[in-house]
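Handing you this structure, nothing more for now.
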Amino acid sequence: MSRASLHWKVLLLSVATVSSISGCAKDYSMAPSPVGEQVRLVMKISEELETTSLRVMYRSAICKRVTYDGDGRAATLDGYNSIEVGLSRQKNGSLYKADLFINGGGPCEWRLSNVLFEVSYRVPNRFGENVSSGGGGGVIVIFDRNDPQRRTSGVVKVKGTDLVIIKDYYPWVKESYSGGYIKRAGLAGEARSYLTYEARETRKVYFEPVLHSDYVVSSTEPKKHKIGDFIKFHYPDGATQSDGRTVPDFKKLQEIRLKAEAGK
């Protein structure tokens, strides 16, 4: 049995048979065909970054779920099944990959809905002692008509079987005082939250976060929240910005870097 097959077998066994509200047991397990169609996800990750397991969402039109609005009215929606899938590191060291079954099988006939993945700093204490990782390099790819499990700032619709995502990121060192002082090293990119793509035809996803390590942006939250007192952002060219924004000005970071590179 291959390493990938063994990994999937462990995942599928971990999806337990659960009881419905009525008390009748229902089998929510998955059983994809070993020769079924798959989506291949490939990441190219630099030594400064690391990636966590993929968070993969499957949905079922057979095994429904019921939700209620604020007035107690019921709505029937597709059922969902969320699993984690590990990425395997390739021989050259910087490439990672994972294969996801489109048809998850099982009595519910699960279908791949979306996948969420992200990168973060491998060693955030580059920016000082007791600095934790702040995340920031997240992507969601949607393969059906359902909304993803996380809210996003916008969805880009793409066509074709290949989706190539190559994006610039900058180190973002954040100091906050809410609930006690904490310092995090995250990533600043073009999206306020997760880059999100609706790619129903896609069968290969390539993601390469390009980290510009020499262009660090930092931010400091006010120690006490006062009207008109905002987060201060300090950019690599020495400029300071405090205008109510909660994330760095990505366009400004791009301009600073491109100007500096043009002058070399």
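The values are calculated or read from the model by the stated rules, or taken from the named source; none is laboratory data. Keep in mind that what you see is a predicted model, and the values were worked out from it rather than measured. Here the Cβ positions follow ideal geometry from the backbone for every residue, glycine too, while neighbour counts run over all protein chains shown.
Need the failing condition index for TYR121 against (1) in contact (Cβ under 8 Å) with a residue 60 or more places away in the chain; (2) closer than 20 Å to TYR197 by Cβ, just the number.
TYR121 satisfies all of (1) in contact (Cβ under 8 Å) with a residue 60 or more places away in the chain; (2) closer than 20 Å to TYR197 by Cβ except (2).
Let me ask you something else. Give me the pairs, please: first residue somewhere in the range 26-37 and in contact (Cβ under 8 Å) with a residue 24 or more places away in the chain and closer than 16 Å to ILE62 by Cα, second residue anywhere and among the hydroxyl-bearing types (Ser, Thr, Tyr) and not in a loop (DSSP other than H, G, I, E, B), beta-carbon distance under 9 Å, and either six or more positions apart or on two chains.
The qualifying pairs are LYS26/SER19; TYR28/SER60; MET30/TYR58.
Let me ask something else about it. Can you work out which of the residues in the range 126-155 that are in a loop (DSSP other than H, G, I, E, B) and among the small types (Gly, Ala, Ser) is farthest from the chain's Cα centre (by Cα)?
Checking each candidate, the answer is GLY128.
How many of the residues in the range 233-257 are surrounded by 11 or more Cβ atoms within 10 Å (Cβ to Cβ) and either in contact (Cβ under 8 Å) with a residue 60 or more places away in the chain or not hydroxyl-bearing (Ser, Thr, Tyr) (or both)?
Residues meeting the conditions: 17.
May I ask you to list pairs of residues, at least six apart or on different chains, whose Cβ atoms are under 6 Å apart, with the first in the range 74-85 being surrounded by 18 or more Cβ atoms within 10 Å (Cβ to Cβ) and at pLDDT 90 or above and the second being not small (Gly, Ala, Ser) and not in a strand (DSSP E or B)?
As it stands, the answer is ILE83/LEU11, since those pairs meet every condition given.
Sticking with this one: Name every residue in the range 210-232 that is under 12 Å from PRO171 (Cβ atoms) and buried (at least 16 other Cβ atoms within 10 Å of the Cβ), in order of residue number. It would help to see each step written out before you state the result.
The initial filter retains those residues of the range 210-232 that are under 12 Å from PRO171 (Cβ atoms), namely 211-219.
Result: LEU211, HIS212, TYR215, VAL216, VAL217, SER218, SER219.
Among the residues of the range 28-49, is there at least one that is modelled with pLDDT of 85 or more, among the acidic types (Asp, Glu) and over 19 Å from ARG89 (Cβ atoms)?
Step one: list which residues in the range 28-49 are modelled with pLDDT of 85 or more, which gives 29-49.
From what is left, the residues that are among the acidic types (Asp, Glu) are 37, 47-48.
Then drop every residue that is not over 19 Å from ARG89 (Cβ atoms), which leaves 37.
For the range 28-49, residues modelled with pLDDT of 85 or more, among the acidic types (Asp, Glu) and over 19 Å from ARG89 (Cβ atoms): present.
Sticking with this one: I'm trying to understand the selection: among the residues of the range 156-202, which are surrounded by 16 or more Cβ atoms within 10 Å (Cβ to Cβ) and either outside any strand (DSSP E or B) or on the phi > 0 side of the Ramachandran plot (or both)?
VAL158, GLY189, ALA191, TYR194, ALA199, THR202, listed by residue number.
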